[in-house]
1. Would you mind finding the one in Leu7, Leu46, Leu59 that is open to solvent by 70 Å² or more (accessible area, probe 1.4 Å) and modelled with pLDDT of 80 or more?
2. Enumerate the pairs (first residue in the stretch 54-74 and under 19 Å from Ser41 (Cα atoms); second residue anywhere and at pLDDT below 65 and assigned to a loop (DSSP other than H, G, I, E, B)) with beta-carbon separation below 7 Å, excluding pairs fewer than 6 apart on the same chain, so at least 6 apart or on different chains.
Amino acid sequence: SKHTVNLDNRTATVTVRPFELEMGFQFELHVTVSGKKINVSEIPELSIPEDWMRDKLELYFYKIEQAGRGGEIENVTYDKESGTAVITFLRPG
């Protein structure tokens, strides 16, 4: 569990210790689908920055693309106050 690390011509001995990750969170989304855009509503307010939420939404809909039910994402617009987002795909589908 001990390791030696060289940093800027200095040697440091470090010890690896297990740690617990905080639980993730799960939430339900309500979605309206059109040809190129998806309107997402009732997004719960979380204590994370807005750009993180946009990234989470993009990642979620990217995973749907990988399952063959979406497409390449062009843009994610997120409005924290209203709890809504618009996911825009490059091509209708």
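1. Just a single option satisfies the conditions, and that option is Leu59.
2. Phe61/Gly70; Ile64/Gly70
The values are calculated or read from the model by the stated rules, or taken from the named source; none is laboratory data. Keep in mind it's a predicted model, so treat the numbers as computed, not measured. Quick reminder, even Gly has a Cβ in these numbers, built from the backbone with ideal geometry, and neighbours come from all protein chains shown. Each accessible area value is taken on the protein alone, full model and side chains, heavy atoms only, with ligands, DNA and RNA left out. Shrake-Rupley method; radii C 1.70, N 1.55, O 1.52, S 1.80 Å.
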